[in-house]
Amino acid sequence: MAFVYSCCFWFSLRLGGILIGIFSVFQGVISLAFSCYAQSHPNEVKDQITHWLNNLDLIYLKQYLENVKEDPERFASLSITVSCIYIIVCVLYIYGAYKCNNTLMMAYLVTETARLVMLSIIIANFLFLLKQNTMDIGLLIGASVGTGFFLLGMFYLWVCAINLPILVNEIKLDEQAATIHKLQQMLDTNNQNPFTDAADNVPYATDYGYSRNMMFAVSRNRATIIN
């Protein structure tokens with residue numbers, strides 16, 4: 001049973017799934033644009049990472065950023081590849097939502113689940129690092145509330161997207177049940193007709209215009225003449 005039957009309390013799940021796919025494509029395009037920029041400007045990436053390493057308390061992320069600083073082009077190429085695959089998966093989901101094809105939608109659901117888990121981890125680390133590097137309580141509260149609502153919205157869209165295949169399966173099961181019920185009604189209707197009526201209506205049940213039941217009947221006048 002599906003948890004939701006509409007998207008954003010207004011759109012159908014099918015239209016909502018298409019819009020969610022378009023929104024995901026937009027996110028993939030943004031990620032692809034940043035990756036391409038990092039690929040073409042590796043020196044700027046190194047300078048920015050150096051600034052973070054020298055001015056911020058990065059704790060356990062320091063080693064990871066040092067690895068990225070050594071070869072930013074390799075990480076940018078990996079990010080470009082992942083972004084392109086994600087965009088292709090989103091396009092397949094849009095087409096699958098339009099055609100109500102669950103097979104085409106499964107790749108997006110798995111990919112989006114992994115992406116949301118990674119996004120949650122990144123946001124949690126960001127808030128922890130923000131707490132380590134600032135004493136501004138207002139900034140911490142604002143960042144926590146903003147990122148919390150962002151994750152809440154993203155998980156709501158994920159719930160809508162994952163319920164579309166469930167709803168498609170429910171519709172197919174309802175159609176199959178309706179077809180079976182209609183066939184059962186047709187069989188019951190045919191079984192209610194007596195076999196005698198069917199036998200009396202066949203062409204060979206008459207003999208020169210008389211029904212089969214009257215073939216051996218003898219009229220009363222004929223019986224009188226014989227006597």
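Read-outs: derived from the displayed coordinates by stated rules, not from any lab. Quantities reported herein were computed from a predicted structural model and do not represent experimental measurements. With ideal geometry, Cβ positions are generated from the backbone for all residues, glycine too; neighbour counts draw on all protein chains shown.
Values for this structure:
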| quantity | calculated |
| --- | --- |
| Net charge over other residues, Cβ less than 15 angstrom from the Cβ of residue 37 (K, R count +1; D, E count -1) | -2 |
| Percentage, to the nearest whole number, of Cα pairs in the range 6-183 over 28 Å apart | 41 percent |
| Nonlocal amide H pairs with residue 12, under 5 Å, H built at 1.01 Å | 7 |
| ³J(HN,Hα) computed for each position of the range 51-60 - Karplus, 6.51 cos²θ - 1.76 cosθ + 1.60, integer Hz, glycine/proline x | 4, 5, 5, 8, 10, 10, 8, 8, 6, 7 |
| Student exercise, the range 6-183 dipole from Lys, Arg, Asp, Glu Cβ charges, in Debye to nearest 20 | 440 debye |
| Mean projection area, nm², convex hull over Cα of the range 51-101 | 5.3 nm² |
